[in-house]
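Here's the structure, in structure tokens; my notes come after.
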Amino acid sequence: MNKTLSVSAIYNGTVIDHINSGQAIKIIYLLGLLDKKYKVTIGLNLPSKRMNLKDIIKIENHSLKNEEANEITVFAPEATINIIKDFEVVKKITTTLPPNISGIFSCPNPICITHSETIETFFDITTHGKQVNLVCKYCEKIFDRNQVNVNI
Ligand SMILES: [Zn+2]
């Protein structure tokens, strides 16, 4: 039996597996899943041989677009994203890091202008080896992915 199917029982939709533990909530906001009325199942801190602990998100009756999948890799570089039809994996999305990300996340720099003016945040994505950084367009400070949080 397919490994993805052993952890998912959705008929049609998308399974995002191997999310670094603690990152699933950010991805929920990143994909706007609370506003859209998709049926979503979230698993947090599930045991994983490869990652020790992982998060998983299952979205029913919605296939993620490649651009959405790419944004996930900023926070979950090892995520595997499979499109399911009739309980079978019909497509594995190959992701690449996007060049930038905007709107969803708050700049961790408390004196950044994005906190005092109503401007959408904008971060360039840069890599240094395995390290992924977000560089704020406005204050030009560099942040680790774990420092950046959702703007709720
Ligand atoms: Zn900033």
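Comparing ASP124, ASP55, ASP86 in a Gaussian network model of the chain (Cα springs below 10 Å), the most mobile by mean-square fluctuation is ASP86.
Karplus-derived 3J(HN,Hα) values for region 115-129, using 6.51 cos²θ - 1.76 cosθ + 1.60 with θ = phi - 60°, are 7, 9, 10, 8, 10, 6, 5, 8, 10, 7, 9, 10, 10, 9, x Hz; glycine and proline are entered as x. Heavy atoms only, probe 1.4 Å: what % of the accessible area of the chain goes to carbon and sulfur, would you let me know? The nonpolar share, carbon plus sulfur, comes to 51 percent. Of the Cα atoms belonging to the chain, the radius of gyration and Dmax stand at 16.1, 53 Å. Close amide H contacts of VAL132 (hydrogens built in the peptide plane, cut-off under 5 Å, sequence separation of 5 or more or a different chain): ARG145. On a per residue basis, region 68-112 carries 47 Å² of accessible surface, using protein heavy atoms and a 1.4 Å probe. Protection proxy ranking, highest mean first, for peptides 62-75, 25-38, 126-139: 62-75, 25-38, 126-139, where packing is the per-residue count of other beta-carbon atoms within 10 Å, averaged. Of all lysines in the structure, those lying under 26 Å Cα to Cα from LYS54, and not within fewer than 8 positions of it along the same chain, are LYS3, LYS26, LYS36, LYS37, LYS39, LYS65, LYS85, LYS91, LYS92, LYS130.
The values are calculated or read from the model by the stated rules, or taken from the named source; none is laboratory data. These numbers were taken from a predicted model, which means no experiment stands behind them. Because the Cβ atoms are built from the backbone with ideal geometry, glycine has one as well, and the counts that use them run over all protein chains shown. The area values use the complete protein model at the heavy-atom level, side chains included, leaving out ligands, DNA and RNA. Shrake-Rupley method; radii C 1.70, N 1.55, O 1.52, S 1.80 Å.
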